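Novice: Structure in structure tokens, see below.
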Amino acid sequence: MTPTIRVDIVSAEAEIFSGDATMVVATGELGELGITPRHAPLITRLKPGHVDVLLENGDRQQFYVSGGILEVQPQVVTVLADTAARAADLDEASAQRAMKEAQDALANRSDAIEIAEAQTKLTEAMAQLQALERLRKNLKH
């Protein structure tokens, strides 16, 4: 039996995933993190991007998070995100529209607050599109 670690992915709206996994991959502020059972305790902020959960049976569950906190304890990994969704549930057209609107807002920048908001929206839209691309690549294999 392969050792597993409990994984909980929670957004402000709902619990998105709860189950056992052999590995969790997420995008931390300083780069990619790979968490396996009995990993050292850790708390870090997540960048907008993907969270991949590798299940014991070899399946991969892919999620998008808008950022948040990753907490690792010896027996459990918790992802707390403002927004989280299964990658398969993302709407590509909506993400493309959000990216275009953010790019337009940056091109027509007026003050620092609007620029920061547009940059945040652009980062989130790009992360959603990257999560969709990762999902497509994994479905091909």
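Values in this text are rule-based calculations from the coordinates and carry no lab data. Small disclaimer: the values here were computed from a predicted structure and weren't measured. Counting neighbours? That spans all protein chains shown, and the Cβs are built from the backbone with ideal geometry, glycine included.
Novice: Ala116 versus Glu56, label points 7 Å from Cα toward the beta carbon: distance in nm?
Specialist: 4.6 nm
Novice: Name the residues whose placed amide hydrogens come within less than 5 Å of the amide hydrogen of Glu56, ignoring near sequence neighbours (fewer than 5 apart) on the same chain.
Specialist: Thr22
Novice: Compute the distance in nm between two label points, each set 7 Å from the Cα along the Cα-to-Cβ direction, one at Ile69 and one at Phe17.
Specialist: Those two pseudo-labels are separated by 2.1 nm.
Novice: I've got another one for you. Through the Karplus equation 6.51 cos²θ - 1.76 cosθ + 1.60, θ set to phi - 60°, convert the phi angles of the stretch 59-74 into ³J(HN,Hα) values in whole Hz; use x for Gly and Pro.
Specialist: Computed from phi, the couplings for the stretch 59-74 are 5, 10, 9, 10, 9, 10, 10, 7, x, x, 10, 10, 10, 10, 10, x Hz.
Novice: Under a 5 Å amide H to amide H cut-off, with H placed in plane at 1.01 Å, what residues pair with Ile16 once short-range neighbours are removed?
Specialist: HN-HN under 5 Å from Ile16: Ile9, Val10, Ser11.
Novice: How would Val65, Val72, Val10 line up from fewest to most surrounding beta-carbon atoms within 10 angstrom?
Specialist: Val10, Val72, Val65
Novice: Starting from the Cα gyration tensor of the stretch 5-87, take the square roots of the eigenvalues, sort them a ≥ b ≥ c, and report rounded, prolate or oblate (rounded when a/c is under 1.5, otherwise prolate if a/b is larger than b/c, else oblate). Walk me through the intermediate numbers first.
Specialist: Working: a/c = 1.44, a/b = 1.15, b/c = 1.26.
Rounded, since a/c falls under 1.5.
Novice: Just want the ordering: Lys100, Lys121, from fewest to most Cβ atoms lying within 10 Å of their own Cβ.
Specialist: The most exposed by this proxy come first: Lys100, Lys121.
Novice: Just grab the label-to-label distance for Ile43 and Arg97, each label 7 Å out from Cα along the Cβ direction, in nm (one decimal).
Specialist: 3.8 nm
Novice: To continue, here is another question. Hand me the trypsin sites (Lys or Arg not before Pro) from the stretch 1-75 located in a DSSP loop with no more than 15 other Cβ atoms within 10 Å, in residue order please. Mind showing how you got there, number by number?
Specialist: Working: sites: Arg6, Arg38, Arg45, Arg60; in loops: Arg38.
Counting only loop positions with at most 15 other Cβ atoms within 10 Å, the trypsin sites (Lys or Arg not before Pro) in the stretch 1-75 are Arg38.
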